[in-house]
Amino acid sequence: QVQLVESGGGLVQAGGSLRLSCAASGRTFSNYAMAWFRQAPGKEREFVAAISWSGRTLYYADSVKGRFTISRDNAKNTVYLQMNSLKPENTAVYYCAAGTRGPSQLPTIYDYWGQGTQATVSS
């Protein structure tokens, strides 16, 4: 089992930044690809970014390329999502996920999910 706990969400004005963190515990963190997904009210959960176990392979949704950066620190068992130039449409609950078969944009390949952290961007 892997337990994932997200933090770093909050309220920010449009154009601002947030840094989300996801702390993992349980099995060896470096064995897992990690990803961030988000779900806005009334919408489906959507892919945001993913990173391989080594950190060398990165994937981003087109809508966040150039503004969001995913990274990981295997020594700290933590994955991060730096979000810059935030827009009101980025308002959502952000979830991190872990899987041994990734990285991928497909939520079905991830085995473990956190409870989410709310990010709200005001206009």
Of all residues in region 79-105, count the ones that are closer than 27 Å to ARG56 by Cβ and either small (Gly, Ala, Ser) or without any contact (Cβ under 8 Å) to a residue 12 or more places away in the chain (or both).
6
Residue set ARG56, ARG27; condition open to solvent by 60 Å² or more (accessible area, probe 1.4 Å) and modelled with pLDDT of 95 or more; output residue ARG56
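Return yes or no: is VAL48 more than 20 Å from SER123 (Cα to Cα), in a strand (DSSP E or B) and under 10 Å from the mean Cα position of the chain (by Cα)? It would help to see each step written out before you state the result.
On the way: more than 20 Å from SER123 (Cα to Cα): yes; in a strand (DSSP E or B): yes; under 10 Å from the mean Cα position of the chain (by Cα): yes.
Taking the combined requirement at face value, the residue satisfies it.
Would you be able to say whether some residue in region 25-37 is part of a helix (DSSP H, G or I), under 15 Å from TYR110 (Cβ atoms) and touching a residue at least 12 places away in the same chain (Cβ under 8 Å)?
If we filter region 25-37 for residues that are part of a helix (DSSP H, G or I), which is where we start, we get 29-31.
Now drop any that are not under 15 Å from TYR110 (Cβ atoms), which leaves 29, 31.
In the following step, the residues that additionally are touching a residue at least 12 places away in the same chain (Cβ under 8 Å) were identified as 29, 31.
Within region 25-37 (the criterion being part of a helix (DSSP H, G or I), under 15 Å from TYR110 (Cβ atoms) and touching a residue at least 12 places away in the same chain (Cβ under 8 Å)), the answer is yes, since at least one residue qualifies.
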Could you check THR100 against (1) of a type in the set (Val, Ile, Thr); (2) surrounded by fewer than 15 Cβ atoms within 10 Å (Cβ to Cβ); (3) modelled with pLDDT of 95 or more and say which number it fails?
(3)
Consider TYR94 carefully, then state whether it is aromatic (Phe, Trp, Tyr), within 20 Å of ASN31 (Cβ to Cβ) and either open to solvent by less than 30 Å² (accessible area, probe 1.4 Å) or in contact with a Gly (Cβ under 7 Å, 6 or more places away or on another chain) (or both).
no
SER63 passes all but one of (1) over 21 Å from VAL12 (Cα atoms); (2) open to solvent by 30 Å² or more (accessible area, probe 1.4 Å); (3) in contact with a helix residue (DSSP H, G or I) (Cβ under 9 Å, 6 or more places away or on another chain); (4) not in a loop (DSSP other than H, G, I, E, B); which number fails?
(1)
Test result for SER63, at positive phi and either under 15 Å from the mean Cα position of the chain (by Cα) or polar (S, T, N, Q) (or both)
no
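The values are calculated or read from the model by the stated rules, or taken from the named source; none is laboratory data. Just so we're clear, the structure is a prediction, and the values are computed from it rather than from any experiment. Quick reminder, even Gly has a Cβ in these numbers, built from the backbone with ideal geometry, and neighbours come from all protein chains shown. For the accessible areas, the whole protein counts, side chains as well, though only heavy atoms, and no ligand, DNA or RNA atoms are used. Shrake-Rupley method; radii C 1.70, N 1.55, O 1.52, S 1.80 Å.
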